[in-house]
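Step one of this worksheet: look at the structure below.
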Amino acid sequence: MNPDTRHPTPDTPLFDLLRGSLDHCVKCTICETACPVSNVTPLFPGPKYAGPQAERYRDPAAPSVEWSVDYCSGCGICTQVCPQGVKIAELNAHARRRVKARKGVPLRDKIVGRPTLLGRLGTPAAPLANASLRLRPIRVLAEKVLGVHRDAPVPKFAGRTFRSWAKKHKSPATGRRVVYFHGCGTQYYEPDVGEKVVAVLEHNGFEVDVPLKQDCCGLPLQSNGLFDDARAYVLRLARVLAPHARNGAIIVGNATSCTLMLKREAREILELEDDPDLKLVSEKTYDICELLLELHDRGELNTDFRPLEESVAYHAPCQQQGHWIGKPALDLLALVPGLQVHEMDARCCGIAGTYGLKAEKYDIAMKVGEDLFQQVADSGAAVVACDSETCRWQIEHGTHKPSAHPIELLHRAYGL
Amino acid sequence: MRYDVVVIGAGVAGLTAGARLAEGGARVCVLAKGMGSTHLAPGTVDVLGYDGGERVESPASVLPDFVSRHPDHPYALVSVAPALEWFAACVERGPKPGYRYVGSLEHNVLLPTALGAARPSALVPTTMAGGDLGDPAPICVVGFRVLRDFHASLCAANVARSGVEARGVEIDLNLHTGRAEENSLGIARHFDDPGFRSAFSTRVAPSLRPGERLGLPAVLGVRDPQGALTDLEQRLERPLFEIPTLPPSAPGIRVYDILRAALRSAGGRLVIGAEVVGASRDGTRVTSVRAHTSGHDHVYEARWFVLATGGVASGAIELGSDWVARENALGLSLSGAPADGAARFDPDYFAEQPLNRIGVAVDSSLTGEGTDNVLVAGAALPGAIPWREGSGEGISLSTGFAAARTVLEREGAAAAA
């Protein structure tokens, strides 16, 4: 059986998990009220229609009667707000994969789904790559040939990688070990964020291991419907991280989408519930702010913060919300004297990883983000804090304000 | 995670308890599996609409006798008035400028439902108050073709049976969304836009007759409903009011926004998506609850817990295929369940069903049976049939409020000792 055409059947655990949750849907429409996409475009009818309702009519042996699920951005908010525990986003991820498998996956999706490929190509030629990606004729060409929208926010290659720094960096031995899973954004575009994560962890007494063989978690491939390729990536990563977890280390990351992939999405969406390495890694993975707040609860967080007399807007990314842990970054930022923190309650910035890059989806993504961009403007904050890098790039694009990972603010408040 | 109080559930009862506790200085965290029932409820505060099938004119005068006949009812354990007062004040300082709740316990207002039935409520939002069926002014109910769950003529025909002259009109909204149908929240977002309201006024004006009030499905905006109401009343030169819709409910979502803002501005945490699946105990004290979250479960320690997860409708209380009823989050004892061997269901669907009054067994301070530090609020309580009594919001507000007060009093007493 070609695994990419498999469908949940009563024999797989996935059937219980996903299809089985359908019957809990009471049609209350709470997911519809929360869906960022269906609220701005008729092209996606909404999580309830595309998910629990349409799923009953999907037959693995027959062509899909319904293609709109390709417009679901996969943000996962529907699953988070469902009071009945229906796996709406996960069902729609499967439906999206099947639709894309039938339609054919565009070359663009295969490329944007591989940040490591882009990173390896772009890093050595960073000045040239960065300049080209900001040249109008090249972007117009890229839109016409590839379907990447000419105005979509693209990050700048740092010209160096995080791991090249990590290779030379030696964390002071404290015996209190954590493993740092940095993700592709840190590796190729924001190595300085990774350095600050390490510094903040060290400042709190951790000895930080950076496994040099770590690679992409596969999330962009998964959200583009390329499940087989995504499985290969995430399992490779799990093999690298699991031995550390087995030795008792916890795994910490600053990319909330990628840590969510390790914690839950790979297991549920990619049907990898049974992989022992991934299961262990999933249980041992923490978001950096989640970990620091737990330290604080135990009275173990270093709170020698210097005052930061500034105003910051905080947006919790959808995939951070998918951790189901509230907003630990808010509680941490509240510890910094003088720092004025404005909580944004708009749902989504629109980008959803690679969704908002696509020519046919860019306008939708920008419309989704409107509420957030307006709230940021209204807050008068000078900087926007947000845990996910793709969201930060979209927010900078939509608000023309600088953004920062919450850890960058803590790093500054520590005076490191 | 360590807190003074962990509240489980983010409906009216849970958010009220959480907000009150945070206002009282407690370190509080509200955990919920998903969003609460606010998004489905009409947004009115119904305290007691019916007593034994008879419509209640004045909850304040009926309640003393009502609780003497129903000693197991939540209203026998708490007082309602202070909670309502707090809620009204909470709306006033909330995020919706000018939006208020009006009314009192002395007199139920009768408002039309989407079907045009008269619904008795104690407090109603200012955007609905104009629909008072005690007012003889004729009503024009305007429906939108794109909102397929609301039938203006049906609503008007039933309103007319209450003795108020009413007629229904359906118009096209021209939303330009490219969708054949739209839900009430989607339409409400359009009404936040003054340009849309202006176009709407022009479109609807020719259908209206002099002296008529205008009843619309509840879509008058999410951000600034009062602004939308005032604007449209000026443009159309007549009173205007909202009629609650089938879910999603824009006025219900406003209640969520208001209570959430109260909780957050007082420093309370809110965690959506975390389902509480178990508790650790030390004798009669619950010491922590375990929440199912992504990757690994989280343990929330607290000195107090408020259980506000709802009743059978939310899934908080379940009747298993083994015919055993259970409370799912903490495994507390239930009361109001039929005895072993007794009938579970009455074949007459509309009869009072044997399980109707089931809930978590509590003492007179709302403390869960067999625990010292778990208070129970809202639809999880036994002894009421909110959908028959028209008492859902009244119970949730007053018991959420009372649970918070009990915790704060006992914390205060412990601190003094």
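The values are calculated or read from the model by the stated rules, or taken from the named source; none is laboratory data. Since the model is a prediction, treat every value here as computed from it, not as a measurement. Cβ coordinates were reconstructed from backbone atoms using ideal geometry, including for glycine residues, and neighbour counts include every protein chain displayed. Just so you know, the surface numbers come from the protein's heavy atoms only, side chains and all, with ligands and any DNA or RNA stripped out. Shrake-Rupley method; radii C 1.70, N 1.55, O 1.52, S 1.80 Å.
Numbers below:
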item: Rounded if a/c under 1.5, otherwise prolate or oblate - chain A, Cα gyration tensor axes; result: rounded
item: Simple spin-label estimate for A:K27 and B:S333 in nanometres, 7 Å along Cα-Cβ; result: 4.0 nm
item: Virtual spin-label span in nm between A:R298 and B:S201, 7 Å along Cα→Cβ; result: 6.2 nm
item: Loop trypsin sites (Lys or Arg not before Pro), the range A:102-144 (other Cβ atoms within 10 Å of the site Cβ: 16 or fewer; DSSP); result: A:R134
item: Between the range A:351-390 and the range A:286-326, the Cα center-to-center distance that results, in Å; result: 21 Å
item: P(r), alpha carbons of chain B - 20 Å bins starting at zero, rounded %; result: 27, 54, 19, 1
item: Using θ = phi - 60° and Karplus 6.51 cos²θ - 1.76 cosθ + 1.60, couplings along the range A:18-28 (whole Hz; Gly, Pro as x); result: 9, 4, x, 6, 3, 5, 7, 5, 9, 6, 6
item: Under-5 Å amide H pairs with A:V154, H placed in peptide plane, nonlocal only; result: none
item: Inter-probe distance in nm under a simple model that places probes 7 Å from Cα toward Cβ, at B:L115 and B:A416; result: 5.1 nm
item: Percent carbon-and-sulfur accessible area, chain A, ignoring ligands, DNA and RNA, probe 1.4 Å; result: 55 percent
item: Karplus (6.51, -1.76, 1.60) ³J(HN,Hα), θ = phi - 60°, over the range B:69-86, in Hz, Gly and Pro reported as x; result: 7, 10, x, 8, 6, x, 5, 6, 9, 9, 9, 8, 4, x, 5, 5, 4, 4
item: ³J(HN,Hα), Karplus 6.51/-1.76/1.60, whole Hz, each residue of the range A:212-227, x for Gly, Pro; result: 7, 8, 5, 9, 4, 7, x, 4, x, 5, 4, 6, 9, x, 9, 5
item: Degrees, to the nearest 10: B:12-23 long Cα axis against longest axis of chain B; result: 70 degrees
item: Helix axis angle, A:191-203 relative to chain A longest principal axis, alpha carbon, degrees; result: 60 degrees
item: Accessible area that becomes buried as A packs against B, both chains, 1.4 Å probe, Å², nearest 100; result: 2900 Å²
item: Built amide H within the under 5 Å cut-off of B:R119, gap 5+; result: B:L111, B:T113
item: Of A:Y49, A:Y314, A:Y355, the one that fluctuates the most in a GNM where chain A has Cα springs shorter than 10 Å; result: A:Y49
item: Residues along the range A:277-301 losing 50 Å² or more of accessible surface when the other protein chains are present rather than the chain by itself (probe 1.4 Å); result: A:D297
item: Minimum 20 Å² accessible area buried by the other protein chains, the range B:279-324 residues, probe 1.4 Å, relative to alone; result: B:T293, B:S294, B:G295, B:H296, B:H298, B:S314
item: Alpha-carbon spread of the range B:34-154, three principal axes, descending order, Å; result: 48, 35, 34
item: Mean projected area in nm² (Cα convex hull; one quarter of hull surface) for the range B:103-250; result: 7.9 nm²
item: Solvent-accessible area per residue for the range A:36-115 (1.4 angstrom probe, square angstrom); result: 35 Å²
item: Fully extended contour minus Cα-Cα distance, from A:K367 to A:L135, at 0.36 nm per residue; result: 81.1 nm
item: Ellipticity estimate at 222 nm from DSSP helix runs (n ≥ 4, -39,500 (n - 2.57)) divided over chain B, nearest 500; result: -9000 deg cm²/dmol
item: Heavy-atom surface of chain B, accessible at 1.4 Å and reported per residue (Å²); result: 39 Å²
item: GNM result for chain B, Cα springs below 10 Å: residue of B:A339, B:A41, B:A160 fluctuating most strongly; result: B:A339
item: Average accessible area per residue (Å²) across the range A:156-225 - probe 1.4 Å, nucleic acids and ligands excluded; result: 36 Å²
item: Paired Rg and Dmax values of the range B:100-160, which use every Cα atom, in angstrom; result: 12.2, 39
item: Accessible surface of the range B:1-131 [probe 1.4 Å, protein heavy atoms]: carbon and sulfur percent; result: 54 percent
item: Cα coordinate range in the range A:297-353, projected on the principal axes (Å, largest first); result: 35, 28, 17
item: Long-range HN-HN contacts of B:V360 with modeled amide H, under 5 Å; result: B:S335, B:L381
item: Per-pair calculated FRET efficiency, R0 = 30 Å: A:T116 and A:N247 via Cβ, rounded to 0.05; result: 0.70
item: Geometric extent, Cα atoms of the protein assembly as shown - Rg, Dmax (angstrom); result: 27.4, 84
item: Ratio of Rg to Rh over the range A:15-103 (Cα coordinates, Kirkwood Rh, two decimals); result: 0.93
item: Chain-alone versus full-assembly comparison, the range A:17-45, residues with accessible loss of at least 30 Å² (1.4 Å probe); result: A:C28, A:T29, A:I30, A:T33, A:N39, A:P42
item: FRET efficiency, 1/(1 + (r/R0)^6) with R0 22 Å, evaluated for B:A81 and B:S61 via beta carbons; result: 0.95
item: Computed log₁₀ I(q)/I(0) - Debye formula, equal Cα scatterers, no solvent, the range B:211-317, q 0.10, 0.12, 0.13 Å⁻¹; result: -0.52, -0.66, -0.72
